[in-house]
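Here the structure is laid out as structure tokens; the discussion comes afterwards.
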């Protein structure tokens, strides 16, 4: 029986055992202002392969009229992106994950915590973020081509950032 993968848009603290397949879109170390030699955390933006009904419709058209729509599909396929969520590996667990997690690679993940996406900055619009735990399991899926490679960033005007109230 094939495993059931959850979508990022479904993730919430209601359920404890999530299993996802994601591409690491961006990964970076957050500096600790008190200890320059050691990072505070390893943060990432993860993206799944969720697609819209429109995407499925275009896939159907492609299959029906393969030759005619190939160029159309190649031009527009980069526009269909998955959902994104922020993930954090705290300082005490960086040694366990940093060597195996790489930007651009696709992983199956389970056993992580889900928390509210609070703080002074938000890398994604998702209401929650993922926290890696000691028992978090991950496997690199080398031949997984279903996740989008190209990333479209959403530009937010400085005016809208300055006029928002801080989340406390």
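Read the figures in this text as sums done on the coordinates, not as results from a lab. The structure presented is a predicted model; accordingly, all values stated were derived computationally and were not measured. Neighbour counts run over all protein chains shown; Cβ positions are idealised from the backbone, glycine included.
The table for this structure:
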read-out	value
In nm, spacing of pseudo-spin labels at residue 99 and residue 137 (7 Å Cα→C-beta vector)	2.1
Residues 97, 132, sorted so that the one with the fewest Cβ neighbours within 10 Å comes first	97, 132
